[in-house]
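Take a look at this one; I'll ask things after.
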Amino acid sequence: MTNSFKQDNLIGESNAFLSVLDHVSQAAPLDKPVLIIGERGTGKELVAKRLHFLSQRWEQPYITLNCAALNENLLESELFGHESGAFTGAGKRHEGRFERAHKGSLFLDELANTSGLVQEKLLRVIEYGEFERVGGARRVRTDVRLICATNEDLPALADRSEFRADLLDRLAFDVITLPPLRERTDDILHLAEHFAINMARQLSMSMFPGFTSKAQQTLLEFDWPGNVRELKNVVERSVYRHNNDALPVHQIILDPFESPWRPAQRIKTQDRQPTVTREVAADVATAPPPAGNPAPVLPLDFKDTVQNFEVNLLKQALEESQFNQKRTAEVLGLSYHQLRGILKKYDLL
């Protein structure tokens with residue numbers, strides 16, 4: 001592993017991580033499309049860059065684009081370019097990412113966010129190596145190695161006709177799936193020390209004094225829903241707050257929002273769903289039970305009743321979401337981390 005990759009945080013010694021690096025090294029020399037799958041913060045962009053720089057195209061352009069950052073029209077223009085006068089404001093010809101990546105590699109992140117029109121044009125580029133600029137009729141030839149990434153289940157999206165199955169077939173010549181950090185526990189302290197040393201240098205500390213055993217335990221026991229990116233932020237924040245090269249870091253600040261003065265209510269705006277006020281909550285609490293769902297017989301064990309209700313609700317949501325925890329969190333209105341905490345509480349992991 002070269003120093004450039006270490007500086008990009010693509011470091012680790014766990015079996016799961018080393019297996020991914022072997023997979024990347026095997027796929028890199030080919031000119032075939034590669035699909036990278038992984039949760040947010042697992043290092044998809046770094047793997048894509050490694051695929052390019054270990055390939056025969058390493059001296060040629062490496063172009064990237066986040067497909068979720070642009071709407072359909074802008075994304076089409078940014079990918080394939082446009083001719084002068086193609087639309088209002090198009091004063092001159094614009095070369096898209098495919099033209100700029102000629103002879104090199106093009107990395108498309110958040111691929112699942114592309115529209116059917118963009119997917120159709122991507123399919124044509126992969127099949128024939130050519131495309132037309134927006135507003136143009138002349139075919140443009142290009143030689144590009146396509147690398148795509150997503151945190152979505154593309155086969156499931158294709159089954160629901162939310163993603164083109166024929167495009168998925170061509171993109172998935174090989175699929176590299178990145179393990180989440182919670183499956184790389186052997187790498188957590190190694191990564192944490194790397195990030196901490198770099199942060200200590202930024203703070204002009206004479207040295208990084210290390211972590212206490214309690215701090216290390218906190219790092220190892222956390223689930224890291226944001227993966228390596230979240231670990232980096234947490235470690236840098238903790239070192240910055242500590243800012244003492246004489247004593248080891250003892251406090252790991254996982255949640256920067258934690259405060260006794262944190263606002264408890266959301267501000268109601270036109271762009272947000274209405275919040276549940278105390279008055280509405282009281283109305284719900286005192287409302288009679290719906291027909292066919294009689295009120296529980298009193299007296300009862302309140303704690304056990306609530307726990308049974310939550311467990312049954314979690315099991316139902318997990319089953320309906322095909323045990324995809326990210327989707328389960330969304331349907332329950334929870335963050336991924338909140339859901340993981342509740343599942344751990346009830347031994348449902």
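For the stretch 133-239, with only Lys/Arg (+1) and Asp/Glu (-1) charged at the beta-carbon, what is the dipole magnitude about the Cα centre, in debye rounded to 20?
720
When the Cα atoms of the stretch 185-242 are enclosed in a convex hull and the volume is divided per residue, what value in Å³ results?
Looking at the stretch 185-242, the number lands at 73 Å³ per residue.
Now for a separate question. As I understand it, the value is the acute angle between the Cα axis of helix 44-53 and the longest principal axis of the Cα atoms of the chain; what does it come to in degrees, rounded to 10?
30
Which of these values of Rg/Rh (Cα atoms, Kirkwood Rh) was calculated from the structure shown: (1) 1.04; (2) 1.09; (3) 1.00?
Correct label, based on the coordinates given: (1).
Using only the alpha carbon atoms of the stretch 3-179, find the Kirkwood hydrodynamic radius as the inverse mean reciprocal pair distance, in angstroms to one decimal.
16.8
Next up: Rank by packing, highest mean first: peptides 104-116, 233-245, 200-212, with packing defined as the count of other Cβ atoms within 10 Å averaged across residues. Walk me through the numbers before you get to the answer.
Details: 104-116: 20.5, 233-245: 18.1, 200-212: 14.5.
So the peptides 104-116, 233-245, 200-212, ranked by packing, come out 104-116, 233-245, 200-212.
Quick one: check the C-alpha center-to-center distance for the stretch 146-194 versus the stretch 231-264, whole angstrom.
30
Here is a follow-up. Rounded to the nearest 20 Debye, what is the dipole magnitude of the chain about its Cα centre when Lys and Arg each give +1 and Asp and Glu each give -1 at the C-beta? Spell out each step's value before the answer.
On the way: 42 positive and 48 negative charges, 177 e Å.
With only Lys, Arg, Asp and Glu charged at Cβ, the dipole is about 840 debye.
Which log10 I(q)/I(0) values does the stretch 300-349 give at q = 0.21, 0.24, 0.28 Å⁻¹ under the Debye formula, counting every alpha carbon as one identical point scatterer?
-0.68, -0.85, -1.08
OK, next. For the chain, with a Gaussian network of springs between Cα atoms less than 10 Å apart, report the residue from Asp143, Asp166, Asp174 with the top mean-square fluctuation.
Greatest mean-square fluctuation among the candidates belongs to Asp166.
So for the stretch 3-179, taking the charge dipole from beta-carbon charges (+1 Lys/Arg, -1 Asp/Glu), which of Leu54, Leu35, Leu21 sits furthest toward the positive end?
Toward the positive end, the furthest listed residue is Leu54.
Next up: What does the extension gain come out to for Ser335 and Lys303, with contour length at 0.36 nm per residue minus their alpha carbon separation?
9.1 nm
Related question: For the stretch 74-184, just run the numbers: alpha carbon Rg, then divide by 2.2 N^0.38 Å, N being how many residues it has.
Taking N as the residue count of the stretch 74-184, the ratio is 1.17.
Which lysines have a Cα lying under 28 Å from the Cα of Lys232, excluding residues fewer than 8 positions away in the same chain?
Output for Lys232: Lys6, Lys44, Lys49, Lys214, Lys326, Lys344, Lys345.
Can I ask one more? Would you please give the residues with an amide H less than 5 Å from that of Asp174, counting only those at least 5 places away or on a separate chain, with H modeled from the backbone geometry?
Result for Asp174 returns Leu35.
Rule-based calculations on the coordinates, nothing more; no lab input. Predicted, not measured: the structure shown is a model, and the values here were computed from it. With ideal geometry, Cβ positions are generated from the backbone for all residues, glycine too; neighbour counts draw on all protein chains shown.
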